[in-house]
Amino acid sequence: MNIFEKIISREIPATIIYEDEDTLAFMDIGPIIKGHTLVIPKICYDPVTETPDDVLAKLMQICKRVAAAQIKGLGADGVNIIQNNGASAGQVVPHIHFHVIPRFEGDGHHWNWAAKKYESPAGVENLAVKIREGLAG
Ligand code: 5GP
(Lines give C-alpha, C1' and ligand atoms only; values in the text may rest on other atoms or scores of the structure.)
Protein backbone atom coordinates (compact mmCIF):
# COMPACT_ATOMS: atom_id res chain seq x y z
CA MET A 1 0.00 0.00 0.00
CA ASN A 2 1.49 3.38 -0.97
CA ILE A 3 1.48 6.41 1.31
CA PHE A 4 -1.51 8.00 -0.44
CA GLU A 5 -3.57 4.81 -0.06
CA LYS A 6 -2.81 4.98 3.67
CA ILE A 7 -4.13 8.55 3.69
CA ILE A 8 -7.26 7.45 1.82
CA SER A 9 -7.88 4.63 4.33
CA ARG A 10 -7.09 7.00 7.26
CA GLU A 11 -4.22 4.75 8.32
CA ILE A 12 -2.09 7.90 8.47
CA PRO A 13 -3.41 11.41 9.04
CA ALA A 14 -3.64 14.21 6.50
CA THR A 15 -5.26 17.60 6.36
CA ILE A 16 -8.10 16.86 3.96
CA ILE A 17 -9.81 19.73 2.20
CA TYR A 18 -12.12 17.87 -0.20
CA GLU A 19 -13.46 14.35 -0.60
CA ASP A 20 -16.03 12.63 -2.77
CA GLU A 21 -16.66 9.01 -3.77
CA ASP A 22 -13.61 8.80 -6.01
CA THR A 23 -11.36 11.77 -5.26
CA LEU A 24 -9.39 13.19 -2.33
CA ALA A 25 -7.64 16.56 -1.97
CA PHE A 26 -5.32 17.23 0.96
CA MET A 27 -2.51 19.53 2.02
CA ASP A 28 0.98 18.52 0.88
CA ILE A 29 3.17 17.77 3.91
CA GLY A 30 6.10 19.58 2.27
CA PRO A 31 4.62 22.63 0.56
CA ILE A 32 6.52 24.46 -2.17
CA ILE A 33 4.30 27.38 -1.18
CA LYS A 34 1.98 27.26 1.85
CA GLY A 35 -1.43 26.02 0.71
CA HIS A 36 0.12 23.49 -1.73
CA THR A 37 -2.56 20.85 -2.22
CA LEU A 38 -2.53 17.34 -3.73
CA VAL A 39 -5.47 15.96 -5.72
CA ILE A 40 -5.62 12.17 -6.08
CA PRO A 41 -8.02 9.43 -7.20
CA LYS A 42 -9.04 6.91 -4.54
CA ILE A 43 -8.09 4.10 -6.92
CA CYS A 44 -4.35 3.99 -7.59
CA TYR A 45 -3.30 4.57 -11.20
CA ASP A 46 0.21 5.31 -12.35
CA PRO A 47 1.58 6.88 -14.49
CA VAL A 48 -0.64 9.33 -16.40
CA THR A 49 -0.41 7.21 -19.55
CA GLU A 50 -2.08 4.32 -17.67
CA THR A 51 -4.80 6.46 -16.10
CA PRO A 52 -8.31 6.29 -17.63
CA ASP A 53 -9.49 9.43 -19.42
CA ASP A 54 -12.58 9.81 -17.25
CA VAL A 55 -10.43 9.67 -14.08
CA LEU A 56 -8.11 12.35 -15.49
CA ALA A 57 -11.08 14.52 -16.44
CA LYS A 58 -12.50 14.27 -12.93
CA LEU A 59 -9.13 15.02 -11.32
CA MET A 60 -8.69 18.14 -13.45
CA GLN A 61 -12.18 19.34 -12.52
CA ILE A 62 -11.25 19.09 -8.85
CA CYS A 63 -7.90 20.80 -9.52
CA LYS A 64 -9.81 23.66 -11.10
CA ARG A 65 -12.03 23.99 -8.04
CA VAL A 66 -9.05 23.86 -5.66
CA ALA A 67 -7.24 26.50 -7.75
CA ALA A 68 -10.29 28.76 -7.61
CA ALA A 69 -10.49 28.21 -3.83
CA GLN A 70 -6.83 29.11 -3.41
CA ILE A 71 -7.41 32.34 -5.32
CA LYS A 72 -10.61 33.13 -3.42
CA GLY A 73 -9.70 31.78 0.00
CA LEU A 74 -5.97 32.47 0.18
CA GLY A 75 -5.82 35.51 -2.08
CA ALA A 76 -3.44 33.73 -4.46
CA ASP A 77 -2.40 35.74 -7.51
CA GLY A 78 -1.79 32.63 -9.59
CA VAL A 79 -1.67 28.83 -9.41
CA ASN A 80 0.68 26.13 -10.73
CA ILE A 81 -0.88 22.74 -11.54
CA ILE A 82 1.84 20.09 -11.89
CA GLN A 83 1.84 16.33 -12.40
CA ASN A 84 5.07 14.31 -12.33
CA ASN A 85 5.63 10.93 -14.02
CA GLY A 86 8.67 8.81 -13.24
CA ALA A 87 11.71 9.38 -11.06
CA SER A 88 13.41 11.31 -13.87
CA ALA A 89 10.51 13.78 -13.72
CA GLY A 90 10.72 14.08 -9.94
CA GLN A 91 7.92 11.68 -9.04
CA VAL A 92 8.27 10.11 -5.60
CA VAL A 93 4.83 8.64 -4.82
CA PRO A 94 3.66 6.03 -7.39
CA HIS A 95 -0.02 7.04 -7.30
CA ILE A 96 -1.14 9.65 -9.80
CA HIS A 97 -1.52 13.05 -8.21
CA PHE A 98 -1.78 16.66 -9.25
CA HIS A 99 0.01 19.38 -7.30
CA VAL A 100 -2.11 22.55 -7.05
CA ILE A 101 0.21 25.27 -5.80
CA PRO A 102 -0.99 28.78 -4.95
CA ARG A 103 1.36 31.53 -6.12
CA PHE A 104 1.76 35.03 -4.79
CA GLU A 105 3.52 38.01 -6.30
CA GLY A 106 7.02 38.03 -4.84
CA ASP A 107 6.62 34.64 -3.12
CA GLY A 108 10.26 33.96 -3.88
CA HIS A 109 9.81 30.59 -5.56
CA HIS A 110 11.45 30.15 -8.97
CA TRP A 111 11.20 27.03 -11.12
CA ASN A 112 14.54 26.01 -12.56
CA TRP A 113 13.06 26.56 -16.02
CA ALA A 114 16.24 26.80 -18.05
CA ALA A 115 14.90 27.15 -21.59
CA LYS A 116 17.21 25.68 -24.23
CA LYS A 117 17.45 26.22 -27.98
CA TYR A 118 17.20 23.82 -30.91
CA GLU A 119 20.35 23.81 -32.96
CA SER A 120 18.39 24.13 -36.22
CA PRO A 121 14.85 23.98 -37.67
CA ALA A 122 15.65 20.38 -38.68
CA GLY A 123 16.46 19.59 -35.07
CA VAL A 124 12.99 20.51 -33.85
CA GLU A 125 11.29 18.92 -36.87
CA ASN A 126 13.09 15.58 -36.31
CA LEU A 127 11.66 15.36 -32.82
CA ALA A 128 8.23 16.55 -33.96
CA VAL A 129 8.13 13.71 -36.51
CA LYS A 130 8.73 11.15 -33.76
CA ILE A 131 6.06 12.58 -31.49
CA ARG A 132 3.56 12.74 -34.39
CA GLU A 133 4.33 9.08 -35.09
CA GLY A 134 3.67 8.30 -31.45
CA LEU A 135 0.32 10.09 -31.61
CA ALA A 136 -0.64 8.22 -34.78
CA GLY A 137 0.53 4.85 -33.49
P1 5GP B 1 5.81 13.74 -6.35
O2 5GP B 1 7.24 14.14 -6.19
O3 5GP B 1 5.63 12.24 -6.31
O4 5GP B 1 5.15 14.37 -7.55
O5 5GP B 1 5.06 14.37 -5.12
C6 5GP B 1 4.77 13.68 -3.94
C7 5GP B 1 4.30 14.70 -2.93
O8 5GP B 1 3.71 14.01 -1.84
C9 5GP B 1 5.42 15.58 -2.36
O10 5GP B 1 5.14 16.94 -2.63
C11 5GP B 1 5.40 15.26 -0.87
O12 5GP B 1 5.64 16.39 -0.06
C13 5GP B 1 4.01 14.70 -0.67
N14 5GP B 1 3.92 13.73 0.41
C15 5GP B 1 4.73 12.66 0.59
N16 5GP B 1 4.36 11.98 1.69
C17 5GP B 1 3.30 12.64 2.21
C18 5GP B 1 2.48 12.41 3.36
O19 5GP B 1 2.65 11.46 4.12
N20 5GP B 1 1.49 13.30 3.58
C21 5GP B 1 1.25 14.35 2.76
N22 5GP B 1 0.24 15.16 3.07
N23 5GP B 1 1.99 14.60 1.66
C24 5GP B 1 3.01 13.75 1.40
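The values are calculated or read from the model by the stated rules, or taken from the named source; none is laboratory data. No experiment lies behind these values; they were computed from the predicted model shown. So basically every Cβ, Gly included, is an ideal-geometry build from the backbone, and we count neighbours across all protein chains shown. Each accessible area value is taken on the protein alone, full model and side chains, heavy atoms only, with ligands, DNA and RNA left out. Shrake-Rupley method; radii C 1.70, N 1.55, O 1.52, S 1.80 Å.
Annotations for the structure displayed:
- The C-alpha atoms of the chain define a longest principal axis, and helix 53-74 lies at about 70 degrees to it.
- Computed accessible area, residue 1, all protein chains, 1.4 angstrom probe, square angstrom: 150
- Using R0 = 25 Å, the C-beta based FRET efficiency linking residue 5 and residue 61 works out to 0.70.
- Once both labels are positioned 7 Å from their Cα atoms along Cα-to-Cβ, the gap between residue 82 and residue 130 label points is 2.5 nm.
- For the chain, built as a Gaussian network whose Cα springs stay under 10 Å, the top-fluctuating residue of 85, 126, 112: 126
- Calculated FRET efficiency for the pair residue 15/residue 109, C-beta based, R₀ 22 Å, to 0.05: 0.60
- Using the Cβ of residue 78 as centre and a radius below 11 Å, the other residues enclosed give a net charge of -2, where K and R count +1 and D and E count -1.
- Charge tally in the Cβ shell below 15 Å around residue 48, where Lys, Arg are +1 and Asp, Glu are -1, residue 48 excluded: -3
- The H on the amide N of residue 23, modeled in the peptide plane, is under 5 Å from the matching H of 42, each at least 5 residues off or on a different chain.
- Of the residues 97, 3, 110, the one whose Cα sits farthest towards the positive end of the charge dipole of the chain is 110 (charges of +1 on Lys and Arg Cβ, -1 on Asp and Glu Cβ, taken about the Cα centre).
- Gaussian network model of the chain, springs between alpha carbon atoms under 10 Å - residue of 15, 23, 49 with greatest fluctuation: 49
- Total formal charge among the other residues, if their Cβ is under 13 angstrom from that of residue 109, Lys/Arg +1 and Asp/Glu -1: -1
- Between 0 and 90°, nearest 10: helix 121-136 axis offset from the chain longest Cα axis: 60
- Amide H within-cut-off set for residue 79, under 5 Å, with H built and near neighbours excluded: 103
- The residues of the stretch 1-92 have, on average, 59 Å² of accessible surface per residue, using a 1.4 Å probe with all protein chains present.
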